[in-house]
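Beneath this line is the structure, given in structure tokens, with notes to follow.
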Amino acid sequence: MAALLNPLTELVASAGAAILAFNRGRLRIDGKSDGSPVTEADLAADRIIADGLARLAPHIPIVSEESSPPELASANTFFLIDPLDGTKEFVAGRPEFTVNLALVSDGTPILGIVAAPALGSIWRGVVGRGAERLTMKGGNERAEAIHTEAIHTRSLPGSGQSWIAAVSRSHGDPTTEAFIAQRPGAVRQMAGSAVKFVRVAEGTADIYPRLSPTREWDVAAGHALVTAAGGKITDAQGADLRFGAGTMDFIVPAFIAWGDPRAAP
């Protein structure tokens, strides 16, 4: 894993640079069977990552949002990719879109990389070894890190302090709102894509609840990042999430990212 971290980070940075090279005003936008949008940028990033992983780790299967999933019945370890998370934000011209890459082993994400190319940052973490933020330069050229700093989740809010909840800009739901409302005075921070996981991992938010269905590729990289930074991800009842567990729809019914594991049930 340690040997793969830098090459994987470079690969994710290359996919991000390819996304930035597209003119958003001239993108072809298609609809997928689930009603979500897909663009030329999604597909270009997917090709870059798939080709790169085939060179770096040809023995490890790849599950990506934009390609047909392989049979994982006998796979203990696999990559889980969202080549452009937050396509709606990207098309709308907002900077909160990400490239997400995770390595899953025994049903648990153990390495996660989240790149926000328009924000000039990459966050990465290896469970048990910590997490960090890389400040990038390079624009549409080959990106390189100019500053690296360790990140960590923050402690549970004390008496008189408000919870800060990262919430989706595009996917709100009543159950999630009811959960946040149980924390009186909670402050909502709206964001798109896996940036919400980043806020928990960096300690600028306490929780990120999503109590409506999403997909494993939306969650896995952020799961590894938050865990590596000292947090915890659970389902709505407080149990651990399992990834690639013999299903072909890769649905995550609900999850909560907790900055302080002591807050989890």
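Observations
- Selection of segment 132-160 for residues being out of contact with any Ser or Thr (no Cβ under 8 Å at 6 or more places or on another chain), modelled with pLDDT of 95 or more and either surrounded by 20 or more Cβ atoms within 10 Å (Cβ to Cβ) or closer than 20 Å to ILE19 by Cβ (or both) yields ILE151, THR153.
- Strands (runs of 3 or more DSSP E) completely within segment 156-247 that count 3 or more residues being under 16 Å from the mean Cα position of the chain (by Cα): 164-168, 207-210, 232-234
- Yes/no for SER162 being touching a residue at least 24 places away in the same chain (Cβ under 8 Å) and farther than 23 Å from THR214 by Cα: yes
- Scanning segment 1-43 for residues that are aliphatic (A, V, I, L, M), within 16 Å of GLY86 (Cβ to Cβ) and either at pLDDT 90 or above or outside the structural domain of VAL126 (by TED's automatic domain parsing) (or both) yields VAL12, ALA15, ALA18, ILE19, LEU20, ALA41, LEU43.
- Within segment 103-124, the set of residues being in a loop (DSSP other than H, G, I, E, B) and in contact (Cβ under 8 Å) with a residue 60 or more places away in the chain comprises GLY107 only.
- Test: residue in segment 125-138 that is of a type in the set (Gly, Ala, Ser), over 23 Å from LEU80 (Cβ atoms) and not in a strand (DSSP E or B): yes
- Taking residues in segment 64-88 that are under 14 Å from ARG242 (Cβ atoms) and not assigned by TED's automatic domain parsing to the domain that holds LEU20, and partners anywhere that are in a helix (DSSP H, G or I) and modelled with pLDDT of 90 or more, not one pair has Cβ atoms closer than 7 Å while being at least 6 places apart or on different chains.
- So SER193, is it without any contact (Cβ under 8 Å) to a residue 60 or more places away in the chain and among the polar types (S, T, N, Q): no
- Of the residues making up segment 104-131, those that are in contact with a helix residue (DSSP H, G or I) (Cβ under 9 Å, 6 or more places away or on another chain) and surrounded by fewer than 24 Cβ atoms within 10 Å (Cβ to Cβ) are THR108, ILE110, ALA116, ALA118, LEU119, SER121, VAL126, VAL127, GLY128, ARG129, GLY130.
- Residues (surrounded by fewer than 16 Cβ atoms within 10 Å (Cβ to Cβ) and either at pLDDT 90 or above or farther than 25 Å from LEU20 by Cβ (or both)) located in segment 57-76: PRO58, HIS59, SER68, PRO70, GLU71, ALA73, SER74, ALA75, ASN76
- The one condition from (1) closer than 25 Å to THR77 by Cβ; (2) in contact (Cβ under 8 Å) with a residue 24 or more places away in the chain; (3) surrounded by fewer than 24 Cβ atoms within 10 Å (Cβ to Cβ) that ALA254 does not meet is (1).
- Any hit, segment 183-198, residues being among the aromatic types (Phe, Trp, Tyr), under 27 Å from PRO61 (Cα atoms) and either modelled with pLDDT under 95 or crowded, with 16+ Cβ neighbours inside 10 Å (or both): yes
- Condition check for GLY230: surrounded by fewer than 17 Cβ atoms within 10 Å (Cβ to Cβ) and not assigned by TED's automatic domain parsing to the domain that holds ALA131: no
The values are calculated or read from the model by the stated rules, or taken from the named source; none is laboratory data. Just so it is clear, the structure is predicted and the values come from calculations on it, not from any experiment. Cβ atoms come from the backbone with ideal geometry, glycine included; neighbour counts cover every protein chain shown.
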